[in-house]
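Each remark here refers to the structure printed beneath this line.
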Amino acid sequence: MAKRAQEQAVAEPAAVELRKILASRIARKAPSAGEHPTTVPGLTLFRRTAPSPCYRATYEPSLNVFAQGRKAINLGGTEYLCDGSSFLLSSIDVPVQSQIVEASEDVPLLSMLLRLDMPMVGEVLSREDLPEPEAPSNRHGLAVGETTAGLLSACIRLVEILDTPEDIPFLSPLIQREIIYRVLRTPQGERLRAIATRGDLSHRTAKAIAWLKANYTKPLRIEELAEFSRMGVSTLHHQFRTLTAMSPLQYQKQLRLQAARQKMVTGGLDATSAAYEVGYESVSQFSREYSRFFGQPPMRDVKALRDGRVVPASAA
């Protein structure tokens, strides 16, 4: 224990310096406010220059590393606070509430989002020499951890290869494997390990979540979903709530409402057409549930989005 504490004391100054380096690299590649996709597969950089109202967002399996600023994410009443020393690990597709709580022009929120390649995660896990995580984390699909020097170093190298595009095809997969390894070594990595391990109940629940995401417009028959995921109905309900903080029906409803909102904002559909397209049979039910979820009726919400008075959904 004493040796480990000594190692951590030495590593901490290194991590502080590496966070500053990562922040400068992100700032250089994301010079303006907003979302900046990159040529590295799965990597997006973010700069936010002002706090935001609470807004709805959807997280995919991903790693979000914060170098500067503060953000709050709420999943089913559990709040996750992220700052410049944090990473947020999402091991499943999950709808959340999100809010930027600290960002300015002078000190913007700077972060990098890496969408996780689950086959790559499985490949890393298949190695016999991969150490077990230090300790189990919570069982939710989201987890917040402290960025280590090793993880920060790998993230910096991933951003830096944007300067040499010819290196990306060869080096990007290698660095991403190292990032996955570094995350799996943390207590929070236990969540990712469970989701990616065949036979684990979390892995089976993730299959149910993936099916719902791909088939959210179809009627939900919970017995068929349980059979598909090779679990009993009660086990599926329990595991689903543990990972997502909601039931399968609530999850499907949120997917439908998010999709309807997107269709109205970007596709120009009216509320009736959007409701039917995402699987609702009753437009009045759709309007009631939309108003409860987003805080105002569909067309008023869509107008506010188009006028820039509501922050659109975003992963970071």
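For region 110-148, give me each residue that is within 19 Å of T242 (Cβ to Cβ), assigned to a loop (DSSP other than H, G, I, E, B) and at pLDDT 85 or above.
Of everything in region 110-148, just one residue is within 19 Å of T242 (Cβ to Cβ), assigned to a loop (DSSP other than H, G, I, E, B) and at pLDDT 85 or above, namely G141.
Would you confirm, using the coordinates I've provided, whether L151 is aliphatic (A, V, I, L, M) and modelled with pLDDT of 95 or more?
Spelling it out, L151 is indeed aliphatic (A, V, I, L, M) and modelled with pLDDT of 95 or more.
Taking region 159-205, which residues are of a type in the set (S, T, N, Q) and open to solvent by less than 40 Å² (accessible area, probe 1.4 Å)?
S172, Q176, T186, Q188, S202, T205
Determine the pairs where a residue that is within 9 Å of R47 (Cβ to Cβ) and part of a helix (DSSP H, G or I), located within region 21-36, has a partner that is open to solvent by less than 30 Å² (accessible area, probe 1.4 Å) and not charged (D, E, K, R) with Cβ atoms under 7 Å apart, the partner being 6 or more residues away or on another chain.
Matching pairs, first to second residue: I26/L45; I26/A67; I26/L110; I26/M112; I26/V159; A27/L110.
Would you mention how many residues in region 220-239 are open to solvent by 80 Å² or more (accessible area, probe 1.4 Å) and not aromatic (F, W, Y)?
The number of residues fulfilling the criteria is 7.
If you take the residues of region 51-80 that are open to solvent by less than 50 Å² (accessible area, probe 1.4 Å) and assigned to a loop (DSSP other than H, G, I, E, B), which of them is nearest to T242 (Cα to Cα)?
Filtering first and then ranking leaves P61.
In region 272-302, how many residues are in a loop (DSSP other than H, G, I, E, B), surrounded by 13 or more Cβ atoms within 10 Å (Cβ to Cβ) and hydroxyl-bearing (S, T, Y)?
Number of matching residues: 1.
How do the pairs read when you match residues in region 199-223 that are basic (K, R) with residues anywhere that are open to solvent by 50 Å² or more (accessible area, probe 1.4 Å), using Cβ under 8 Å and keeping only pairs 6 or more apart or on different chains?
That search, which allows pairs on different chains as well, returns R204/R230; K207/F228.
Any chance region 82-96 includes a residue that's open to solvent by 40 Å² or more (accessible area, probe 1.4 Å) and not charged (D, E, K, R)?
No, region 82-96 contains no residue that is open to solvent by 40 Å² or more (accessible area, probe 1.4 Å) and not charged (D, E, K, R).
Right, F240: closer than 28 Å to Q188 by Cβ and in a helix (DSSP H, G or I) or not?
yes
Cβ contacts < 8 Å: first residue assigned to a helix (DSSP H, G or I), restricted to region 160-176; second residue modelled with pLDDT of 95 or more and of a type in the set (S, T, Y), any location; separation 6+ or different chain. Result?
If the second residue must be modelled with pLDDT of 95 or more and of a type in the set (S, T, Y), the pairs left are I161/S172; L162/T38; L162/T39; P165/T39; I168/T39.
On the given criteria, is L142 among the aliphatic types (A, V, I, L, M), more than 27 Å from R28 (Cβ to Cβ) and touching a residue at least 12 places away in the same chain (Cβ under 8 Å)?
Considered against the rule, which asks whether it is among the aliphatic types (A, V, I, L, M), more than 27 Å from R28 (Cβ to Cβ) and touching a residue at least 12 places away in the same chain (Cβ under 8 Å), L142 comes out as yes.
Out of the residues in region 164-216 meeting the condition of being within 30 Å of V278 (Cβ to Cβ) and of a type in the set (S, T, N, Q), tell me which one is farthest from the chain's Cα centre (by Cα).
N215
Which of the residues spanning region 282-316 are within 23 Å of the chain's Cα centre (by Cα) and modelled with pLDDT under 70?
V310, V311, P312, A313, S314, A315, A316
Here are L249, L305, L269: which of them is open to solvent by 20 Å² or more (accessible area, probe 1.4 Å), without any contact (Cβ under 8 Å) to a residue 60 or more places away in the chain, in contact with a helix residue (DSSP H, G or I) (Cβ under 9 Å, 6 or more places away or on another chain) and within 29 Å of S202 (Cβ to Cβ)?
Only one candidate passes the filter, namely L249.
Restricting the search to region 16-50, which residues are open to solvent by 30 Å² or more (accessible area, probe 1.4 Å) and basic (K, R)?
Answer for region 16-50, where residues must be open to solvent by 30 Å² or more (accessible area, probe 1.4 Å) and basic (K, R): K20, R25, R28, K29, R47, R48.
The values are calculated or read from the model by the stated rules, or taken from the named source; none is laboratory data. Predicted model only: the values in this text are computed from it and were never measured. Glycine also receives a Cβ, built like all others from the backbone with ideal geometry; neighbour counts cover every protein chain displayed. Each accessible area value is taken on the protein alone, full model and side chains, heavy atoms only, with ligands, DNA and RNA left out. Shrake-Rupley method; radii C 1.70, N 1.55, O 1.52, S 1.80 Å.
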